[in-house]
Amino acid sequence: MHLVFLGGVGTVTGSKFLIQTEKAQVLVDCGLFQGYKQLRERNRSAPFFDPQKLDAVFLTHAHLDHSGYLPVLYQMGFRGPVYCHAATAELCMILLPDSGRIQEEDAAFYARHRIGKHEKPLPLYDEATAEASCRLFQPVDFEQSIAVKDIHARLQPAGHILGAGSWCLEAEGKRIAFSGDLGRPEDVLMYPPKPMPELDMLFLESTYGDRLHETADAKMQIKEIVNQTVQSGGSVVIPTFAVGRAQVLQYLLASLMREGQIPRLPMFLDSPMAIDVSALYARHHNLHRLSAADCELISESIQYMRSVEESKSIANVRFPHIILAGSGMATGGRVLHHLKRMLPDHRNTVLFAGFQAGGTRGAHMLAGEKKIKIHGQFVPCEARIAQLESLSGHADRDELTAWLEAAKMKPKTPIYLVHGEAETLDRFRLHLQERTQHPIHVADQNQVLHL
Ligand SMILES: [Zn+2]
């Protein structure tokens, strides 16, 4: 058996591992490269393998950096199956068509602005192709065994987001595993990731392999921020990621209201995607810590604004309120309309609920910039800008290490670190070399490994 590292190497995007055995050829994860231009261009280069000869794809979870390349494979003639948890398939049915729609919009934008160039920019894939690729899903349960020719595979829970799992693959007398993104032991929403069984090799995600998350209590931080804002007569707007974060925030806010820790304010979820994802979390409440009653509490406490008219009507609310709207880094989406309206008023608060990548509006606001460009206009930034840093969906360095220590792997089992920025990978390698007896390796893009 051999393995080729095709993505998620020296970067946290584009996760893709090709596994070839005597009889089968499969891909574990099928992620989109995102961020820097030279990374994004990799999405357009010819794949290392013939998609029509691929026997199956195994997805760890629905985030686009693990699933977003699937429509490209479909375009090249891959016709499945794609094995993943049922909740991952349902999330992908929301996320992949949206990704296609955004790529169509981006291509149209560049076509309009590239004056003098003849070639018409094409989307990597369109919404219709993304929808078609969703027909390839073959949902599996956690711990269910499936076979693809001479490969036996099993998915085990990884926390992180709804449906997320780690794949264990057995072939030719070897057992290897791909952690996928790993969640946290004390997550508000998700259960802890299950430790690994005995293995011959592990491929371990390293997103936060060199960092420790803040230990501040997010619920108490939200309570303070909301109460201070309301006392000064302002409102709170929270730029929100649709998967996971939007559901945690709704739950924390609804609980604070029920417990009388913050006043019962009008609360709006202004994101059709986050509304759809919230319905999935409610339907799959057996997969996370919230009960059916908790999910009920959320839907009773918050108004779901699906149409554009409903979204616009929020501007008429005259007393303090709370808005959750996408996108999470204020790079686009409905939150921009609310920010335009709310940023100039010093009584309001903009509360960021997660990491803000460099260059995004979120990062500019947190850096204290006094004017923010939105829809071509500069908007004065007088509102209070705050951030919750403790709500990450990824295990940090010590949580990853503890998860490893709980595994049944022999102490000398080799580990390849993947899915991390170059510096993070190196620091995490040194940390694990000190703390464990495992031989620790960092893979290179397109590196081939013989097992
Ligand atoms: Zn993820």
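The values are calculated or read from the model by the stated rules, or taken from the named source; none is laboratory data. Predicted model only: the values in this text are computed from it and were never measured. Please note: Cβ atoms are built from the backbone with ideal geometry, for glycine as well, and neighbour counts cover all protein chains shown.
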Inset, instruction - Take segment 276-292 and flag every residue that is touching a residue at least 12 places away in the same chain (Cβ under 8 Å) and either buried (at least 20 other Cβ atoms within 10 Å of the Cβ) or in contact with a helix residue (DSSP H, G or I) (Cβ under 9 Å, 6 or more places away or on another chain) (or both). - result: Asp276, Val277, Ser278, Leu280, Tyr281, Ala282, His284, Leu287, His288, Leu290
Legend entry - Subset tally (residues that are part of a loop (DSSP other than H, G, I, E, B), of a type outside the set (A, V, I, L, M, F, W, C) and surrounded by fewer than 24 Cβ atoms within 10 Å (Cβ to Cβ)) for segment 14-39: 6
Inset, instruction - Determine whether Val335 is closer than 19 Å to Val226 by Cβ, touching a Ser or Thr at 6+ places or on another chain (Cβ under 9 Å) and among the hydrophobic types (A, V, I, L, M, F, W, C). - result: yes
Inset, instruction - Determine whether Glu421 is within 21 Å of the chain's Cα centre (by Cα), charged (D, E, K, R) and within 16 Å of the ligand (Cβ to nearest atom). - result: yes
Inset, instruction - Can you confirm whether segment 361-377 contains a residue that is assigned to a strand (DSSP E or B), modelled with pLDDT of 95 or more and out of contact with any Cys (no Cβ under 8 Å at 6 or more places or on another chain)? - result: no
Legend entry - segment 397-424, residues that are part of a loop (DSSP other than H, G, I, E, B) and either in the same structural domain as Val226 (by TED's automatic domain parsing) or touching a helix residue (DSSP H, G or I) at 6+ places or on another chain (Cβ under 9 Å) (or both): His419, Gly420
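Given the criterion of a type outside the set (A, V, I, L, M) and not in a helix (DSSP H, G or I), identify the matching residue among Gln221, Gln261, Gln247.
Just one listed residue meets the conditions, Gln261.
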Inset, instruction - Consider Leu73 carefully, then state whether it is closer than 17 Å to Thr129 by Cα, buried (at least 20 other Cβ atoms within 10 Å of the Cβ), more than 16 Å from the ligand (Cβ to nearest atom) and of a type in the set (A, V, I, L, M). - result: yes
Legend entry - Test: Ile176 is surrounded by 19 or more Cβ atoms within 10 Å (Cβ to Cβ), in the same structural domain as Pro414 (by TED's automatic domain parsing) and within 14 Å of the ligand (Cβ to nearest atom): no
